[in-house]
Amino acid sequence: MNLENLIANNRTCFVSLFEPVLTAANTMYMDLSSSNREFDGFSEAELDRAILARLASVGAVAGVGGYLENRSLYKDTELFEGDEERCIHIGVDVFVPAGTAVYTPFDGEVQSFANRQVTGDYGPVIILQHRLDDFEFHTLYGHLSEGSLDGLVDGQIFSAGEKLAEIGPRPVNGNWPPHLHFQMIRDMQGYRGDYPGVVRPTELDFFRQNCPDPSALIVA
């Protein structure tokens, strides 16, 4: 069974990552691809305000999108300098205000966590390990608040619906507009406290299989 079918067959086992529950009616698609110039030329503070204003203009509580999106914005960050080919985003971003609570969608335990303080990186990040129908997989939560890591230990158990973390502000979240980078991962490939969220086009076939679209866990 692939991971997408597993999720589809166990929808009653997971709860929303956010309150209120995100739906098609209260969210909007957020496009940060190379082809969208809507947010070009903004300073950091202006960009954050522009995103929130865009959400408010359509009555949305969150902006959601980004899976397999081709983005040019990474080449301007410290983490990706000299690595322009890494441009395919393999998670889903959820743009909400800093301080917004994030809840655990499935029962799980902490596989690892880190505070990755490099511009363009995740900032505080938590990775959970889950098991459904004897199938093991992971979920990654990036761009969190530093307080989300307080007291956290590897192996810590979280129940579905339990508060896991909060969305972090700039600059501690990797210096991005406040949002959650959410990613499903089948095989962690030995990574701890990290896993690629942006990959090269030549790597896409593997990562599309290893990190399938997690949208079904985000928008009901």
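The values are calculated or read from the model by the stated rules, or taken from the named source; none is laboratory data. No experiment lies behind these values; they were computed from the predicted model shown. Note that we place each Cβ from the backbone using ideal geometry, even for glycine, and neighbour counts take in every protein chain shown.
Descriptive notes on the structure:
- Filter result for Asn10 (touching a residue at least 40 places away in the same chain (Cβ under 8 Å), within 19 Å of Ile185 (Cα to Cα) and more than 17 Å from the chain's Cα centre (by Cα)): yes
- Residue match in the range 43-62 (condition: part of a loop (DSSP other than H, G, I, E, B), touching a Ser or Thr at 6+ places or on another chain (Cβ under 7 Å), surrounded by fewer than 17 Cβ atoms within 10 Å (Cβ to Cβ) and of a type in the set (Ser, Thr, Tyr)): no
- Odd one out for Lys75 among (1) modelled with pLDDT of 95 or more; (2) not in a loop (DSSP other than H, G, I, E, B): (1)
- Asp40 modelled with pLDDT under 95, surrounded by 14 or more Cβ atoms within 10 Å (Cβ to Cβ) and acidic (Asp, Glu): no
- Of all residues in the range 181-213, those being under 21 Å from Pro97 (Cα atoms) and in contact with a Ser or Thr (Cβ under 8 Å, 6 or more places away or on another chain) number 2.
- Among residues of the range 153-173 that are within 24 Å of Asp121 (Cα to Cα), those with a Cβ under 8 angstrom from a residue that is part of a loop (DSSP other than H, G, I, E, B) and modelled with pLDDT under 95, sequence gap 6+ or separate chain, pair up as Pro171/Thr119.
- Cβ-Cβ under 9 Å pairs, at least 6 apart or on other chains, the range 55-84 side in contact (Cβ under 8 Å) with a residue 40 or more places away in the chain and farther than 23 Å from Val96 by Cβ, far side of a type in the set (Phe, Trp, Tyr) and not in a loop (DSSP other than H, G, I, E, B): Phe80/Tyr74
- Positions within the range 175-197 being touching a Pro at 6+ places or on another chain (Cβ under 7 Å) and among the aromatic types (Phe, Trp, Tyr), in sequence order: Phe182
- Contact map, the range 118-143: residues that are closer than 25 Å to Cys87 by Cβ and in contact (Cβ under 8 Å) with a residue 40 or more places away in the chain paired with residues that are of a type in the set (Asp, Glu) and assigned to a loop (DSSP other than H, G, I, E, B), Cβ distance under 9 Å, separation 6+ or inter-chain. Pairs shown: Gly120/Glu81; Asp121/Asp194; Tyr122/Asp194; Val125/Asp194; Ile127/Asp194; His138/Asp187; Leu140/Asp194; Gly142/Asp121.
- Among the residues of the range 78-103, the ones that are crowded, with 17+ Cβ neighbours inside 10 Å, of a type in the set (A, V, I, L, M) and not in a loop (DSSP other than H, G, I, E, B) come to 4 in all.
- In the range 147-170, the residue that is surrounded by the fewest Cβ atoms within 10 Å (Cβ to Cβ) out of those that are in contact with a Ser or Thr (Cβ under 6 Å, 6 or more places away or on another chain) and in a strand (DSSP E or B) is Glu166.
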